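Engineer: Dropping the structure in here first, questions after.
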Amino acid sequence: MNGAVFQLGPLAINGQLLALLLAFLGFYLGLRLWLRSAEEEEAKQIDEWTWNAGAGAIIIWKFGELLLQPAILANGLTALIMPGSQRSAWLALGWVVIYLLWKWRRSRISAVLQALDAWLFAAVIGMAVYAGWSMELGRPTNAPIGWEPAGLSTGYHPIFLYQVVFGLAMAGVLFRWRGRSRGEVFGWGMAAAGAGSMIISFFAIQGSAHAVFVGLSYAQWKFAGMMLGGLFWIRIALPALKHNKSGKEMIVMSNNQSNNSKAQQEHERENKEQRDFTMGVDKKLSGPNRPAE
């Protein structure tokens with residue numbers, strides 16, 4: 001389906017581009033579903049990060065190759081309808097990382113963790129939509145679940161169906177976990193996505209021999225990296241991040257006396273007078289008004 005071209009009157013759209021648009025729609029709906037119970041101010045902040053990072057990434061992916069190869073502009077309007085390349089995709093990813101790090105430097109850690117959880121959940125839904133549209137098939141199989149394309153008598157593993165079922169099941173579990181400590185959904189979701197994708201990859205058509213290293217393809221190494229990265233985030237990075245951030249905030253609050261309001265200061269003064277009274281301090285016999293000895 002990704003290689004097909006769909007015609008609607010005078011308009012024509014590539015199947016892969018249509019799949020990406022549907023995936024973005026699934027991502028957006030998933031994001032709105034996750035942020036439905038979030039604070040209004042926090043949800044607006046995450047929306048701002050998402051739209052700015054996403055819009056910049058799309059523009060860079062689409063037109064980044066024109067910056068790398070200005071000679072393409074000689075083709076006229078043809079250059080404007082060309083899809084992005086792998087190099088421009090890396091540039092787009094670099095923009096997303098730089099932009100988010102710049103915005104996060106003064107943001108609350110709770111909002112950042114909420115954003116990571118929301119994006120992971122939305123990405124799972126978006127990838128499930130993209131997989132369902134791709135209609136990707138894997139190795140030949142005689143199992144009853146085998147998918148037989150039109151005109152062929154051989155069944156193949158329906159990789160797209162495995163990915164859709166796994167993605168929707170995973171999204172359901174993550175949504176039930178949205179009440180857990182922030183950041184955990186991101187870590188466990190990364191690990192689960194890597195593990196599930198690794199299992200499904202064994203039913204897919206393997207790449208050429210030069211794309212295999214130590215028995216695993218590049219895609220399978222990527223899935224293994226996702227698993228290890230998710231576990232590292234849960235066991236090491238997230239606890240250290242929360243501990244360090246919380247400690248800094250507590251130090252700042254305790255050392256900054258200007259954070260105390262007048263009502264708090266008055267309350268502290270009354271508490272001190274109450275403590276002095278209970279300790280037996282006689283104010284008539286102490287201070288500048290005490291009688292001479």
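The values are calculated or read from the model by the stated rules, or taken from the named source; none is laboratory data. Since the structure is predicted, the reported quantities are computational estimates derived from the model, not experimental observations. Reconstructed Cβ throughout: ideal geometry from the backbone, glycine too, with neighbour counts over all protein chains shown. For the accessible areas, the whole protein counts, side chains as well, though only heavy atoms, and no ligand, DNA or RNA atoms are used. Shrake-Rupley method; radii C 1.70, N 1.55, O 1.52, S 1.80 Å.
Engineer: Arranged from highest to lowest average of other beta-carbon atoms within 10 Å per residue, in what order do the peptides 175-182, 114-121, 56-63 appear?
Structural biologist: Working: 175-182: 13.1, 114-121: 24.2, 56-63: 17.0.
Highest mean packing first, the order is 114-121, 56-63, 175-182.
Engineer: Going by Cα centres, the range 140-205 and the range 109-123 are how many Å apart?
Structural biologist: About 22 Å separates the Cα centre of the range 140-205 from the one of the range 109-123.
Engineer: If you don't mind, another one. Work out how much length residue 217 to residue 93 would gain on full extension: take 0.36 nm times their residue separation and subtract the Cα-Cα distance, in nm to one decimal.
Structural biologist: On the way: separation 124, 0.36 × 124 = 44.64 nm, distance 2.24 nm.
Computed gain between residue 217 and residue 93 is 42.4 nm.
Engineer: On full extension of the chain, what length is gained from residue 195 through residue 107, given 0.36 nm per residue of separation minus the C-alpha to C-alpha distance?
Structural biologist: On the way: separation 88, 0.36 × 88 = 31.68 nm, distance 3.17 nm.
So the chain would gain 28.5 nm between residue 195 and residue 107.
Engineer: Determine, for each peptide in 142-149, 192-199, the mean count of other beta carbons within 10 angstrom over its residues, then list the peptides with the highest first.
Structural biologist: Highest-to-lowest ranking by the protection proxy: 192-199, 142-149.
Engineer: How large is the Rg to Rh ratio of the range 112-162 when both quantities use alpha carbon positions and Rh follows Kirkwood? All intermediate terms of the calculation are to be shown ahead of the outcome.
Structural biologist: Values: Rg = 15.7 Å, Rh = 12.7 Å.
Using Cα coordinates only, the ratio equals 1.24.
Engineer: Using 0.36 nm times the number of residues separating residue 176 and residue 237, minus their current alpha carbon distance, what extension gain do you get? Could you put the intermediate results ahead of the total?
Structural biologist: On the way: separation 61, 0.36 × 61 = 21.96 nm, distance 2.32 nm.
Extra length from residue 176 to residue 237 when fully extended: 19.6 nm.
Engineer: Mean separation of Cα pairs under 8 Å and 6+ residues apart, divided by the residue count of the range 134-202: what relative contact order is that in percent?
Structural biologist: Details: 58 pairs, mean separation 17.1, N = 69.
Once normalised by length, the contact order is 25 percent.
Engineer: While we're on this one: At 1.4 Å probe size, what's the solvent-accessible area of residue 48? Round to the nearest 10 Å².
Structural biologist: Taking all protein chains as shown, residue 48 has close to 80 Å².
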